[in-house]
Amino acid sequence: METVEQIRDRLVARFPAAHVELITNPGPAAEHSLRLDAAHAHDLALFLRDDTALRLDYCSNVTGVDWPDKEVTDVTKTSVPDPAGGPPKIVEQKTVRHQPGCLEVVYHLYSMALKHGPVIIRLRTANRTDRVALPSLTPVWRSCDFQEREVYDLYGVVFERHPDLRRILMWDEFKDHPMRKDYVDPDDYEWEPTAHGAVLERAKAHAPAPAAPEAKP
Amino acid sequence: MSVSDLSSFTSLPGPTVRQVHDQFHGDLLEISMGPQHPSTHGVFRMVATLDGEQIVKLKPVFGYLHRNHEKIAENTTYLGSMPYTDRLDYLCSMSTNWAYALAVEKLAGQAVPDRAQYLRVIMAELTRLVNHSCLVGFLFNDLGTSFTPLLYAFREREKILDLFESLSGSRMMCNYQRFGGCRVDPSPEWLATAQKLVANFPRFLDEYERLLTGNEIMLARTQGVGRLDPAHAVSAGLTGPLLRASGVDYDIRKVDGYGFYPRFDFRVPLGAHGDTYDRYMMRILEMRESIKILAQAFKDLPAGPIMDPKAKIRGFRPKPGEAYGRLEGPKGELGFYLISDGGPNPYRYRVRPPSFVNLTLLEEMCLGHTIADSVVILGSIDIVLGEVDR
């Protein structure tokens, strides 16, 4: 099979407007992946499926990854010459940079016809709050159907053009997305809140304390 | 009303189950099978819309056993979730353990000694025997032969579970694999017992097939039921015996050659029709191939350590990176996707369960069949809800 670099080059040659980025995997597995831009993802996926040399007809695994917002500290070292004529001093300057988070969806593609793989592709949302839409690849590979519903359910990625985007593992009335890193358990999962014991303890952690009873005259 | 012009049909929200479409045809009836239904193999629900007795629409509903296994695993160490993987596919804990160990070993670049590789093959193939004999037993239960064939199958399964118990301490929750090897070395007596059991297993298969394979009711109920064409099966990501029953030659033991499988001589059985009967025969034929693999493994099992001496048990922290490890489980492709950020816990831990993805085409397989057939079709897919819901 072609290397990921060759696949990237062919994708860029075929779709000059698309942005395809090679993500290297530093671990021993060395499974490098391609990050596709969301606007062209559907066309790129169709190309990967139908190209005669690749024929990635089998999308094995679809999963989400949550990358929360992060504060990254950059350290820049500058050498300041000593006015007294000594050796130059090295001054460290720390700047805290805000790295915006995103939700990522990872697809593992194999070819059943040519028996090779995996080719790993990734899509990223713009942020984690309001711009979480990505194109669905279910029209390309039917196996994405349930797995994209699972990513929607547990991570909150909204797949456009998905034929049946509903919650799949959690119940329909559930509000949050439990696989996100900043997910907080509700105090109680029961329909009727039972305000005692462990539930009450958890509620106290974030609810304001009740007003103290007025002192009797 | 034919099946094809049902695209505009949507069920009303609320408690209504009947919808009158036209006065000449009669009603469509929406029924909910499950979650507490013995034929659904766990807590699984099928919302079927029936025209008479024919299924015109069917939606699987699951999640009743969801406990967010992946989140729990992200909050514990790598080794800490090894016993929990037993609970995914609780019939096949040995191969689920191996799939997880395989992914972690790929993530950390961990080697495995030869004896452990052979032991893994032995355990995985014994598990395949357990799973497939259970499946054919349950399939006959779904066909209505209440419990006799199932108990024949369970008699053999129990013998293998006894072996697992004497080796690992537990019949079903084995927790046997470790990163870089296995936990317990089997004694020569254990190996002799296992070898004898495997040598006798074809007798059970012959007996079972003589009783049931040619049975007229069985043929009438399974042949041509739930047919699946290969193009759909590939696109829907079906794997395992379900895919090979449709004639697609894809067995990860051959394709990836993980473990020591390239050293073994075995065939991959393929179906021709993709119906329920072929799926049943796939299981029987795969059990015969597993017996061949097991006989070779017992013959060639080398002496030596069962754990890589360099393997780290405590303070196991793989370098940052990611890995996707997969193997041919008894139900299909079982994969684990891990991302490490260098810490003691995985940053991302994902299970790719075969049962979950294999349910994708349940509706297509059931359309046009009766509600009684949907039970058999679901039985032939072979799902375990512990793995579907995670």
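Below, the figures for the structure above:
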item: The listed residue being within 14 Å of another protein chain (Cβ to nearest Cβ) and either over 23 Å from the mean Cα position of the chain (by Cα) or touching a residue at least 24 places away in the same chain (Cβ under 8 Å) (or both), out of B:ALA99, B:ALA48; result: B:ALA99
item: Residues being within 11 Å of another protein chain (Cβ to nearest Cβ), part of a loop (DSSP other than H, G, I, E, B) and surrounded by fewer than 20 Cβ atoms within 10 Å (Cβ to Cβ) - total across segment A:118-162; result: 1
item: Filter pass, A:GLU201 being over 17 Å from B:HIS69 (Cα atoms), outside any loop (DSSP other than H, G, I, E, B) and at pLDDT 75 or above; result: yes
item: Only listed residue being more than 10 Å from every other protein chain (Cβ to nearest Cβ) and over 19 Å from B:PRO230 (Cβ atoms), chosen from B:GLY321, B:GLY343; result: B:GLY343
item: Residues of segment B:176-199 that turn out to be among the polar types (S, T, N, Q) and either outside any helix (DSSP H, G or I) or loosely packed, with under 12 Cβ neighbours inside 10 Å (or both), as a count; result: 2
item: Subset of segment A:72-99 that is surrounded by 10 or more Cβ atoms within 10 Å (Cβ to Cβ) and either acidic (Asp, Glu) or under 23 Å from the mean Cα position of the chain (by Cα) (or both) - its residue that is farthest from A:ASN127 (Cα to Cα); result: A:ASP82
item: Residue in segment B:209-222 that is without any contact (Cβ under 8 Å) to a residue 24 or more places away in the chain, more than 30 Å from A:TYR58 (Cβ to Cβ), over 18 Å from the mean Cα position of the chain (by Cα) and assigned to a loop (DSSP other than H, G, I, E, B) present; result: yes
item: Single unsatisfied condition, A:ALA30 versus (1) more than 9 Å from chain B (Cβ to nearest Cβ); (2) surrounded by fewer than 17 Cβ atoms within 10 Å (Cβ to Cβ); (3) closer than 26 Å to B:ASP256 by Cβ; result: (1)
item: Which numbered condition B:ASP251 misses (of (1) charged (D, E, K, R); (2) under 18 Å from the mean Cα position of the chain (by Cα); (3) closer than 17 Å to B:GLU156 by Cα); result: (3)
item: Residue selected from segment A:43-71 under the condition under 18 Å from the mean Cα position of the chain (by Cα) and more than 14 Å from chain B (Cβ to nearest Cβ), by the criterion surrounded by the most Cβ atoms within 10 Å (Cβ to Cβ); result: A:ASP69
item: Residue check for A:ARG97: among the basic types (Lys, Arg) and within 11 Å of chain B (Cβ to nearest Cβ); result: no
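The values are calculated or read from the model by the stated rules, or taken from the named source; none is laboratory data. Owing to the predicted nature of the structure, the values given are computational and were not obtained by experimental measurement. Please note: Cβ atoms are built from the backbone with ideal geometry, for glycine as well, and neighbour counts cover all protein chains shown.
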